[in-house]
Every structure is written in structure tokens, then in C-alpha cells.
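The values are calculated or read from the model by the stated rules, or taken from the named source; none is laboratory data. The model shown is predicted, which means the values in this text are computed figures rather than measured ones. Cβ placement follows ideal geometry from the backbone for every residue including glycine, while neighbour counts extend to all protein chains displayed. Ligands, DNA and RNA are excluded from the accessible area calculation, which covers all protein heavy atoms including side chains. Shrake-Rupley method; radii C 1.70, N 1.55, O 1.52, S 1.80 Å.
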Amino acid sequence: MHSHTLKVDSVQLEFDDRKILQDVFLSCSTGEVVGLLGRNGCGKSSLLRIIFGSLNCGYKHVSVDGQHISKGYHKNRIAYLPQHNYLPSGIKICKLAKPFVDPLLWSNFSDHPAYQQHRYKTVGELSGGELRQLETLMIVYSRADFILLDEPFTHISPVQADTLKTLVKTCAKTKGIIVTDHQYYNVLGVSDRIILLDNGCTRPIKDDADLVTYNYLNKK
Amino acid sequence: MKRLTTLIFHFYRPVFFVNLIFSLCAIFNLIKLGLVAMPIVLVIKIFGYLMCVGYQYFFSAKSYFYYRNAGFSAKQMYTYIFILDALIFILLSTIILIPTYAFAHVKG
């Protein structure tokens with residue numbers, strides 16, 4: 001299996017003359033999980049959407065294996081789990097999943113209890129938690145080499161969160177995963193390394209003390 | 001190809017009936033006025049496509065992420081469904097107009 005590396009730098013994003021992102025450097029290789037932490041409104045979701053290609057910004061440089069890419073989703077290089085629900089309504093889950101999930105991972109995906117239980121249902125027939133779980137599963141088992149998960153632990157139960165962490169770890173053997181969530185203990189639990197987004201800049205985090213230094217966590 | 005076809009049908013599904021109604025309106029004008037109605041037909045079809053974009057934008061824009069994650073931008077999906085719709089329109093026009101003109105010709 002070939003290893004791939006996603007690199008993101010020189011991202012500049014402004015809203016109403018307010019600089020949201022200005023000094024960003026982020027890299028992720030297949031086989032690792034990178035946790036992205038940051039306070040509300042610091043630009044975590046914007047950064048993920050810029051990498052994915054669904055949000056335009058002043059400037060960015062996103063590359064995979066040194067090759068510049070303008071839209072991350074083209075050719076299934078990058079998949080992104082948005083904060084909101086994204087599956088089209090009125091269509092059965094099995095029909096939505098078939099063209100979406102990587103054929104090489106289909107048996108793993110289709111054996112999952114959540115898919116087995118809900119495959120003949122439509123989006124409207126699922127609860128918020130069930131839908132979130134299925135949407136996350138579909139992204140993780142998609143064709144992309146890199147997966148961006150924006151708040152995957154929100155709206156799901158602690159048991160489902162543990163299952164998701166195991167799944168992310170398993171999938172990270174072949175994919176690169178960037179995960180962000182306000183439930184930082186879940187992010188810390190699943191990540192190989194942590195990046196903090198602070199004042200528009202990315203800062204590598206070594207331990208909890210760094211998170212306190214940058215005022216992300218309170219001193220105990 | 002089968003995968004893309006499935007995605008196109010998923011994207012086309014919510015706006016199929018809206019486009020069908022506009023197509024039937026356009027064909028009605030063709031029956032009534034003949035080929036001189038072509039500019040009207042064009043306006044009706046373009047208006048139908050704008051309605052379709054508006055509907056998707058306001059009611060199911062979040063699902064764009066489904067198609068992007070499948071590797072296709074919203075622009076690509078709109079292009080595909082408008083080509084598909086144009087083909088359906090041509091097919092419907094042929095099916096409806098040929099017998100109508102033939103009947104009018106026989107009638108004298």
C-alpha cells in the first residue's frame with residue numbers, strides 16, 4: 001500500500017476584515033490521526049472546508065504528495081464530514097451508500113450493525129444520533145485517502161463514541177484522518193498528535209500543559 | 001459509469017416533476033404554435049432550470065456535501081441533470097409531436 005501525505009499551508013481567511021486564519025501549517029499522512037482543537041469561532045470548521053474545497057479563501061496551498069490540489073474532493077482525494085446532516089432525504093440508506101462507499105471496504109461497511117439495522121430506511125425515519133452515526137460511517141468507509149471529521153462525537157452516545165474511536169483507529173491504518181470536536185477528551189483519545197488552532201495559527205501540542213498555556217484548558 | 005448514473009438520478013429525483021411540468025408546458029406551446037414557438041420553449045426551459053437550482057439551493061443545499069464526497073461538485077451535478085433533462089425533453093417532444101403533426105397532416 002502506498003503512503004500519501006496531505007499538506008496545508010499559507011491559508012489566509014478573512015471575514016469583514018477580521019483575520020480568521022493566517023499562519024496555518026498542517027500535515028497528515030496515511031496511517032495517522034491528527035486531532036485539531038480550538039476555541040469556538042477560531043476557524044476549525046472553516047479550515048477543514050478550505051482543505052475539502054467547499055470554502056474559498058484569500059490564499060491557500062493544499063497538496064497531496066507534493067501535487068497541488070484546488071478542490072480536495074475531486075477524484076475522491078479528501079472526504080469531509082460536515083457538522084450538519086448531508087445525506088439527501090427521501091432515498092433509502094442502502095441506495096445512498098452503494099455509490100458512495102469504497103467497493104474494497106464494502107463488506108466491512110455493510111456488516112456494521114448500524115447499516116444492517118437502518119439500510120432500508122430513509123433519512124427522515126432515523127433519529128439524529130442514528131443518522132449521525134451512519135453519515136460518519138459512510139465518510140470513514142468512503143473512497144478518499146484523507147478523511148476530515150468535523151465534530152463526529154456530537155449527537156452520539158458515549159457507547160457510540162467509543163465504537164467510533166475504534167473505527168477511526170482501524171481506518172487510520174490505510175487513511176489519514178483529521179478530527180476536530182469540542183469533546184477534546186475524545187479527540188485526545190483517538191489522535192496520534194494534536195494541533196491547536198489559536199489566533200489563526202496552528203500550534204503543535206505535546207501535552208495537556210500546552211493546552212493550558214494556550215488557554216484552551218483551565219489550570220487544574 | 002453505473003455509479004455516476006445512480007448519483008445523477010439521486011440528484012435529479014427532487015426536481016424531476018418540476019422539470020417535467022415545464023417540459024410539458026414547452027411541448028404544449030410547440031403543438032399550439034409550431035416551430036415559431038422555439039424562443040418561448042427556450043425561455044420556459046431556462047426558467048424551469050432556474051427554479052430547479054433555486055429549489056435545490058434553498059431546500060437541499062446541505063446534500064451538496066454528499067455529491068462532493070462522492071467526488072462531484074454541485075456544478076457538475078447540475079450540468080449532468082440538465083443534459084439528462086434536455087434528452088428527456090427531446091424524447092418527450094418526439095413522442096408527442098410526431099403523432100400530433102401526423103394526425104394534423106392526415107386530417108388535411
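For this structure, a couple of remarks:
- At the listed q of 0.23, 0.26 Å⁻¹, the Debye profile of region B:1-83, built from one uniform point per Cα, gives log10 I(q)/I(0) equal to -1.04, -1.22.
- Pairs spanning more than 26 Å between alpha-carbon atoms, out of A:75/A:169; A:44/B:62; A:71/A:92; A:98/B:45; A:71/A:173; A:165/A:206: A:71/A:92; A:98/B:45.
- DSSP-loop chymotrypsin sites (Phe, Trp or Tyr not before Pro) across region A:95-163, with at most 14 other Cβ within 10 angstrom: A:120
- Each 5 Å bin from zero holds the following percent of Cα-Cα pairs in region A:1-82: 3, 14, 27, 27, 18, 8, 3, 1, 0.
- Expressed as a whole percent, the accessible area of chain A that falls on carbon and sulfur atoms is 48 (1.4 Å probe).
- Along the axis of the charge dipole computed for region A:66-161 (Cβ charges of +1 for Lys and Arg, -1 for Asp and Glu, origin at the Cα centre), the listed residues A:136, A:149, A:73 are led at the positive end by A:73.
- Surrounding net charge for residue A:121, when Lys and Arg each add one and Asp and Glu each subtract one, Cβ distance under 12 Å: +1
- Quotient of Cα Rg and 2.2 N^0.38 Å for the protein assembly as shown, N being how many residues it contains: 1.20
- Solvent-accessible area per residue, Å², over region A:141-220 with all protein chains present [probe radius 1.4 Å]: 48
- Accessible area per residue, Å², chain B with all protein chains present, probe 1.4 Å: 61
- For region A:97-193, convex hull of alpha carbons as volume per residue, Å³: 95
- Interface between chains A and B: roughly 1700 Å² of accessible area buried, both sides summed (probe 1.4 Å, protein heavy atoms only).
- Test item: Cα-centred dipole of chain B, Lys/Arg +1 and Asp/Glu -1 on Cβ, debye: 240
- For region B:1-46, residues shielded by at least 40 square angstrom of accessible area compared with the chain on its own, probe 1.4 Å: B:3, B:10, B:13
- Cross-link reach is defined here as a Cα-Cα straight distance under 16 Å, omitting same-chain residues fewer than 8 places apart; for residue A:121 the aspartates and glutamates meeting it are A:130, A:135.
- Only Lys, Arg (+1) and Asp, Glu (-1) charged, at Cβ; region A:112-206 dipole about Cα centre in debye: 340
- Relative contact order computed over chain A (Cα-Cα under 8 Å; 6+ residues apart), in percent: 29
- Residue-averaged [θ]222 nm for the protein assembly as shown, counting only DSSP H segments that reach four residues, each worth -39500 (n - 2.57): -15000 deg cm²/dmol
- Largest first, the extents of the alpha carbon coordinates of region A:144-192 on the three principal axes equal 27, 18, 17 Å.
- Size of electric dipole in region A:9-114: Cβ of Lys, Arg +1 and of Asp, Glu -1, about Cα centre, debye, nearest 20: 380
- Among the residues of region B:65-85, those with an accessible-area drop of 50 Å² or more from chain alone to full protein complex, heavy atoms and 1.4 Å probe, are B:65, B:66, B:68, B:69.
- Averaging Cα coordinates gives a centre for region B:6-58 and one for region A:168-220; these two points are 50 Å apart.
- In whole angstrom, region A:14-156 maps to an equivalent ellipsoid with semi-axes of 29, 18, 13, each derived as √(5λ) from the alpha carbon gyration tensor and ordered largest first.
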